[in-house]
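Below is one structure, written out as structure tokens; the observations come after it.
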Amino acid sequence: MIQPQTYLNVADNSGAQKIICIRIIGASNRHYAHIGVVIVAVIKEAVPNTPLEISEVIRAVIICTCKEIKHNNETIIQYEDNATIVIDQERNPKGTRVFGVIHWN
């Protein structure tokens with residue numbers, strides 16, 4: 001579960017490395033975000049000479065969380081870190097490659 005002020009890794013080659021969540025897009029009273037939810041975030045670490053700058057406000061979609069996911073058939077899926085993909089206003093990814101595992105439901 002991701003909440004505001006949570007640090008997340010970026011799992012694509014957009015140029016950002018670490019971001020911090022500042023807002024969860026959706027209902028106005030939503031406190032936690034899960035896999036597939038769009039968040040508003042600020043870049044804390046970035047690769048030099050890329051289009052994304054430190055302290056830039058971006059949108060990202062969550063692809064991995066440390067909190068386990070329980071399915072109806074009693075399977076549990078858990079990842080080792082919190083990861084996101086940076087997206088633009090039209091919800092297209094800014095990077096061209098995605099590193100790691102993506103949960104497909």
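The values are calculated or read from the model by the stated rules, or taken from the named source; none is laboratory data. Note that the structure is predicted; figures quoted are calculated from it, not measured. When the accessible area is computed, the model is the full protein with side chains, heavy atoms only, and any ligands, DNA or RNA have been set aside. Shrake-Rupley method; radii C 1.70, N 1.55, O 1.52, S 1.80 Å.
Worth a mention:
- To put it simply, the accessible area of the chain at a 1.4 Å probe is 49 percent carbon and sulfur.
- Principal axis analysis of the Cα atoms in region 52-105 yields extents of 41, 21, 17 Å, listed in decreasing size.
- Here the 3J(HN,Hα) profile of region 65-78, calculated from phi with Karplus coefficients 6.51, -1.76 and 1.60 at θ = phi - 60°, is 9, 6, 6, 5, 10, 9, 9, 5, 8, 6, 9, 10, 10, 9 Hz, Gly and Pro shown as x.
- Average 1/r across all pairs of distinct alpha carbons in the chain, invert it, and you get the Kirkwood radius: 14.0 Å.
- Accessible surface, the chain, averaged per residue in Å² (probe 1.4 Å): 64
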